[in-house]
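Enquirer: Dumping the structure here so I can ask a few things about it.
The values are calculated or read from the model by the stated rules, or taken from the named source; none is laboratory data. From a predicted model like this one, the values you see are computed outputs, not experimental measurements. Neighbour counts run over all protein chains shown; Cβ positions are idealised from the backbone, glycine included. The accessibility values were calculated without ligands, DNA or RNA, using every heavy atom of the protein model including side chains. Shrake-Rupley method; radii C 1.70, N 1.55, O 1.52, S 1.80 Å.
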Amino acid sequence: MKPERIVSAKAIDDRTLMVKFTNLEIKKYNISKLLDNPMFAMLSNPGFFRNFKIEPGGYALVWNEDIDISEYELWQNGVSCTDEEIEQYIESIHNSFGGKHDRARII
């Protein structure tokens, strides 16, 4: 099965990504298990962790030329978000900015 591509992604805390895929499914991915691998050690720095880009075409999240996480890994090992989890995340953003936000634009 071919994994979906990444449409958008947000770091929701110092270890967890919320990733939206082309089929509009949203999954949470915790990087904790990756930190055992020295290659991913820099992701333990919250500032570095939050500074990623989506590779053109949606094939990976990229931090630098050495660190990336493929769409396959995120899709296969991510946990599907419930509507309640998505709403809680949106509510936390809404409260932190003190204004209304459209769910489609946030995620």
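Enquirer: Just the residues that are over 9 Å from the mean Cα position of the chain (by Cα) and of a type in the set (S, T, N, Q), please, taken from the range 1-59.
Expert: 22, 23, 32, 37, 44, 45, 51
Enquirer: Here's something else I'd like to know. May I ask you to list the residues in the range 74-94 that are in contact (Cβ under 8 Å) with a residue 24 or more places away in the chain, open to solvent by 30 Å² or more (accessible area, probe 1.4 Å) and out of contact with any Pro (no Cβ under 9 Å at 6 or more places or on another chain)?
Expert: Listed by number, the residues that qualify are 77, 79, 80, 85, 89.
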